[in-house]
Amino acid sequence: MNDGEDFESVIRAIEGDFAIAEAEKRGNFAVCIAHVAGVVMKSALDSGVPYELAQEMARDYWNSEMIPIEVLEAGNELPEEPTP
């Protein structure tokens, strides 16, 4: 192996480590947002808000945190949730 191949190997390893760290960060963020969305819904229900409205409030919070702004600004529709 020459120095160029060693360098490329090191760079690939570093990129892989960064990709794994970024995936873990995004996963932890999603878990946190899911928790807060649940708290929003539970608090709304505990305050007497009807179930469907509380669910919509939690969904709005989730979407505001998880859906990229560019998607919303482009006018793309969010997928419809199936109705039970």
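Side notes on the structure shown:
- Surrounding net charge for residue 30, when Lys and Arg each add one and Asp and Glu each subtract one, Cβ distance under 12 Å: 0
- Residues 51, 61 in ascending order of nearby Cβ atoms (within 10 Å, fewest first): 51, 61.
- Computed log10 I(q)/I(0) for the stretch 3-73 at 0.22, 0.27 Å⁻¹: -0.92, -1.07, from the Debye equation with unit scatterers placed on every C-alpha and solvent omitted.
- On the beta carbon distance between residue 63 and residue 10, with R0 = 35 Å, the FRET formula returns roughly 0.30.
No lab work stands behind these numbers, since they all come straight from the coordinates. What you see is a predicted model, and the numbers here were worked out from it, not measured in a lab. Glycine also receives a Cβ, built like all others from the backbone with ideal geometry; neighbour counts cover every protein chain displayed.
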